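First up is the structure itself, then whatever we jot down about it.
Since every read-out is calculated from the coordinates, none of them should be taken as a lab result. Since the structure is predicted, the reported quantities are computational estimates derived from the model, not experimental observations. Neighbour counts are summed over all protein chains in view; Cβ atoms, including those assigned to glycine, are modelled from backbone coordinates with ideal geometry.
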Amino acid sequence: MEESEAAATQKEISDNLCVRGSAENKNNEATGEVSSQMSESARKPPEETEARFNRLKLFEKVMQKSLEKFIDHASFNRFASMFRPLYKKNPQRMENIHKQFIDELRKAIQEDISRLIEEGRLEVKLNELDKLEKAAKNNPNPAWRPSGVPEQDLCSFLMPYYQKQEAYMKLELKKIREENAALAQKVQAGRERIAETENCIAMAVDQWKATLAEFERPTSSFCPADVFDVC
């Protein structure tokens, strides 16, 4: 009994889907005719031709196709078969629920894809790949290929790296030497200022001693020591 009801429900769902599918096919055919006419009448500019090879747009197109295939697996037929009693009770409401479910599912997946592109910085990295590809096309020199001798391949790969490191170290050494020379000049100038300050202090002390000696000489003449002698 349950199998016959399930078969009847399945047939009813299939009939509804066939009717809806035929209407969609007619709309798609009409849209396809219009788009084909527009494509024949209009020529594609070079920007659109280059955009086809843009890796970011290609990635987005692939993700959209994958999303559509994933959405197709969540068809109304399968959705209604999972909730057969609800579908038999109110098919129109079940169709509205399925439509809302598909919209929410599509929105959630698109948000995850956008978050993936943003967090992984795919836009920057894929654009860099596009630039590298264009630069490689404009470069007339042949691309590197292994010679078959590991020693030569390793040397040809490591030598440019070591040369860059050597140039970098020489540049850093030059900067450090210039900084040391500037610091040495500052230290020498500081020492000279300290020596001048010491000379000024010594001269001031000598002047103070001379002034004190001149001051003590008349004082001793006014107050001789023998005046205060007591017999």
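Region 140-176: which chymotrypsin sites (Phe, Trp or Tyr not before Pro) are DSSP loop and have at most 13 other beta-carbon atoms within 10 angstrom?
Hits after loop and neighbour filter: Trp144.
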Unsatisfied cross-links (Cα-Cα over 25 Å) in the set Lys57/Lys107; Lys134/Lys170; Lys61/Lys131: Lys134/Lys170
Potential extension, Lys209-Gln188 segment - 0.36 nm per residue separation minus Cα distance: 4.4 nm
Difference of contour (0.36 nm per residue) and Cα-Cα distance, Arg115 to Phe157: 11.4 nm
Rotationally averaged projected area of region 51-99 (alpha carbon convex hull; nm²): 4.0
Globularity index of region 60-196, i.e. its alpha-carbon radius of gyration over 2.2 N^0.38 Å: 2.31
